[in-house]
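Reviewing the structure listed below.
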Amino acid sequence: MPNENNLKYSIILPAHNEEKFIGNALESIVNQTYLPMELIVVDDNSSDSTAEIIREFVEKYPFIQTIDSGNPSEAHEPGTKIVNAFYKGFEKLNPNWDVIAKLDADVILPPDYFEKIIQTFQSDKKTGIAGGIAMIEENGNWVYEKIGNKKQVRGPFKSYSKDCFEKIGGLKKSIGWDTVDELLARYYGFDVKVLPELQVKLQKPTGKNYQKIHSEKTGEGFYKMDYGFWISLIASLKASSNKKSFSVLISMLKGYYKARQNSHSKIVTKEEGKFIRSYRWKGILNRLVNRA
């Protein structure tokens with residue numbers, strides 16, 4: 001068990017119509033070997049029994065509280081809406097945290113998840129972001145979800161040191177928030193640590209409820225992160241290949257061009273954008289060299 005000198009961590013968990021999953025998610029949090037200082041569950045305009053399930057845990061565990069997002073929209077899209085709900089919880093957060101975690105309402109964490117995450121931050125002060133890997137159920141078995149890359153901490157279970165969170169400007173209220181955060185963390189000299197032994201079960205596959213919308217929004221995110229056309233094309237081709245769907249490629253490029261035509265604001269500065277493109281090109285070239 002961690003001792004009193006360990007870093008204190010808090011969790012914010014946005015939830016929208018998660019009655020099938022949130023009980024398991026909360027159960028996995030309250031069974032952690034190292035409990036959070038605070039867990040704030042943000043009910044984001046749920047119309048099912050999500051709120052009732054949350055209240056059962058609030059009544060039983062004093063470190064859990066719940067608030068309403070105040071967002072009247074019933075649409076649940078990736079990006080802005082999720083981050084807005086996160087910040088509703090952030091406004092109520094006790095400021096004395098050392099590490100902050102953003103979780104999705106369908107995750108099931110291994111019991112020692114946060115004990116090992118906190119140990120990672122504590123043992124290496126350069127660690128800015130840390131997390132495990134995502135598993136999904138296929139034919140009765142839990143397997144690695146093959147999207148993104150294994151060097152990236154997935155959005156459903158990200159933890160940040162306070163210094164890193166503040167340096168990167170927190171979470172961007174935009175699609176792409178869970179990619180640009182790691183790029184900016186590296187820009188500001190922090191490390192991103194993926195702990196493959198910490199297997200987080202996702203009770204529903206990523207983008208299951210909004211795949212087409214998600215693909216277009218991802219393309220929009222490429223523009224906002226200042227990838228430029230060629231990196232955006234390569235990233236879209238990779239996603240299309242992983243999903244085995246040509247329509248994913250078309251949707252992502254459509255999202256990119258819509259954002260460019262509408263002159264959407266970038267979510268990074270020019271210098272940050274320059275670093276991001278350089279970092280992405282180095283990664284692409286390294287993969288090509290390793291395959292040769």
Original post:
Can you tell me which of Lys274, Lys266 is charged (D, E, K, R) and assigned to a loop (DSSP other than H, G, I, E, B)?
Top reply: Lys266
Original post:
Which one is nearest to Leu35 (Cα to Cα) among residues in the stretch 57-90 that are exposed (fewer than 12 other Cβ atoms within 10 Å of the Cβ) and modelled with pLDDT of 95 or more?
Top reply: Pro62
**OP:** Kindly list, by first and then second residue, each pair from a residue in the stretch 100-113 that is within 15 Å of Pro205 (Cβ to Cβ) to a residue that is charged (D, E, K, R), limited to pairs with Cβ atoms under 8 Å and residues at least 6 apart or on different chains.
**Re:** Ala105/Glu18; Asp106/Glu18; Asp106/Lys204; Val107/Lys201; Ile108/Lys201
Original post:
Can you name every residue in the stretch 82-118 that is assigned to a loop (DSSP other than H, G, I, E, B) and charged (D, E, K, R)?
Top reply: Lys92, Asp98, Asp104, Asp106, Asp112
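So, in the stretch 226-243, exactly how many residues are modelled with pLDDT under 85 and either charged (D, E, K, R) or in the same structural domain as Thr80 (by TED's automatic domain parsing) (or both)? Can you show your working first?
Residues of the stretch 226-243 modelled with pLDDT under 85: 242-243.
Next, only the ones that are either charged (D, E, K, R) or in the same structural domain as Thr80 (by TED's automatic domain parsing) (or both) stay: 243.
Adding up the residues that qualify gives 1.
Give Glu145, Glu166 a once-over and let me know the one that is surrounded by fewer than 21 Cβ atoms within 10 Å (Cβ to Cβ) and modelled with pLDDT under 95. Working first, answer last.
Numbers: Glu166 fails: modelled with pLDDT under 95.
Testing whether each residue is surrounded by fewer than 21 Cβ atoms within 10 Å (Cβ to Cβ) and modelled with pLDDT under 95 leaves just Glu145.
Of the residues Tyr257, Tyr223, only one is surrounded by fewer than 16 Cβ atoms within 10 Å (Cβ to Cβ) and either part of a helix (DSSP H, G or I) or in the same structural domain as Val107 (by TED's automatic domain parsing) (or both); which?
Values: Tyr223 fails: surrounded by fewer than 16 Cβ atoms within 10 Å (Cβ to Cβ).
After ruling out the rest, the residue left standing is Tyr257.
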Original post:
Just a yes or no: is a residue in the stretch 129-141 farther than 25 Å from Ile40 by Cα and in a loop (DSSP other than H, G, I, E, B)?
Top reply: yes
Subject >> Verdict on Phe121 being more than 16 Å from the chain's Cα centre (by Cα) and buried (at least 22 other Cβ atoms within 10 Å of the Cβ) >> reply: yes
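Restricting attention to the stretch 32-61, report how many residues are touching a Ser or Thr at 6+ places or on another chain (Cβ under 8 Å) and not in a loop (DSSP other than H, G, I, E, B).
We begin by selecting, within the stretch 32-61, every residue touching a Ser or Thr at 6+ places or on another chain (Cβ under 8 Å); these are 36-45, 51, 54-55, 58.
Right, trim to not in a loop (DSSP other than H, G, I, E, B) and you get 38-43, 51, 54-55, 58.
Qualifying residue count, the stretch 32-61: 10.
Taking Leu171 as the residue in question, decide whether it is of a type outside the set (Lys, Arg), part of a helix (DSSP H, G or I) and either in the same structural domain as Glu27 (by TED's automatic domain parsing) or touching a Ser or Thr at 6+ places or on another chain (Cβ under 9 Å) (or both). Walk me through how you get there before you give the answer.
Numbers: of a type outside the set (Lys, Arg): yes; part of a helix (DSSP H, G or I): no; either in the same structural domain as Glu27 (by TED's automatic domain parsing) or touching a Ser or Thr at 6+ places or on another chain (Cβ under 9 Å) (or both): yes.
Answer is no for this residue.
The values are calculated or read from the model by the stated rules, or taken from the named source; none is laboratory data. Because the structure is predicted, anything quoted here is derived from the model rather than measured. Positions of Cβ are backbone-derived with ideal geometry, glycine not excepted, and every protein chain shown enters the neighbour counts.
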